[in-house]
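Worksheet: one structure, shown below.
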Amino acid sequence: MTKKWQPDDFPVGLYELHPDASVNFHMNVFYNWTNDNVLLEEMREVGKTAHNYETLIKRFIELGDESLKKGARLRAAFYFRGAEFFSPQSNSLKQNLRDQFIQLSKEAYGITDEQHYLIPYE
C-alpha cells in the first residue's frame, strides 16, 4: 500500500540547529527530507557541541549506528548522508557512508534493485 502524503508531512520553516549558517541550512535539509522529530531533536543536541566538521561527522555516524540498532532505518540513512556530506573527499569512510545512505533509503522506501536505475552522466 502506497502512503498518501498529507500537507503536514512536509515541514515548513528553518530551525536553529547549529550556529554556523551553512551547517544549519544543511542540517535543516536533512530534517526536511525526513520530517522525523526525533532526528530534529537529536540534531539540536549535536548542534550545541559539534563546532567543527570532524565532531559533526563523528556524531552523525554515532547517531546513524544508534538509529540502526533501534530499527529507524530512514533516520540512520540521513545521519549517514549528513556524515558523508560533511566528509572531505580524502576521508576513507566517505564512499561507505554514501553506500549505506543509498541502501538504507532504498530499503526504507521499498525500492528494489529492479526499480533502481543508474543514469550515465559524463
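Taking R81, is it charged (D, E, K, R), open to solvent by less than 60 Å² (accessible area, probe 1.4 Å), in a helix (DSSP H, G or I) and closer than 24 Å to Q103 by Cα?
In short, yes.
What are the residue pairs meeting all of these: first residue in region 24-43, first residue under 18 Å from A108 (Cβ atoms), second residue exposed (fewer than 14 other Cβ atoms within 10 Å of the Cβ) and among the acidic types (D, E), Cβ atoms under 7 Å, and 6 or more apart or on different chains?
Listed by first residue and then by second, the contacts come to N35/D9.
Any residue that is modelled with pLDDT under 90 and loosely packed, with under 14 Cβ neighbours inside 10 Å - is there at least one of those in region 88-107?
No, every residue in region 88-107 fails to be modelled with pLDDT under 90 and loosely packed, with under 14 Cβ neighbours inside 10 Å.
Looking only at residues in region 20-51 that are farther than 15 Å from G64 by Cα and modelled with pLDDT under 90, which one is most open to solvent (accessible area, probe 1.4 Å)?
W33
Mind telling me which of the residues L97, L118, L104, L74 ends up being more than 21 Å from E16 (Cα to Cα), outside any helix (DSSP H, G or I) and either within 12 Å of the chain's Cα centre (by Cα) or of a type in the set (A, V, I, L, M, F, W, C) (or both)?
Residue meeting the stated conditions: L118.
Regarding G64, is this residue under 18 Å from H18 (Cα atoms), in contact with a Gly (Cβ under 9 Å, 6 or more places away or on another chain), modelled with pLDDT of 95 or more and assigned to a helix (DSSP H, G or I)?
no
The values are calculated or read from the model by the stated rules, or taken from the named source; none is laboratory data. The model shown is predicted, which means the values in this text are computed figures rather than measured ones. All Cβ positions, glycine included, derive from the backbone under ideal geometry; neighbour counts span all protein chains shown. We work out accessible area using only protein heavy atoms, side chains counted, and drop any ligands, DNA or RNA first. Shrake-Rupley method; radii C 1.70, N 1.55, O 1.52, S 1.80 Å.
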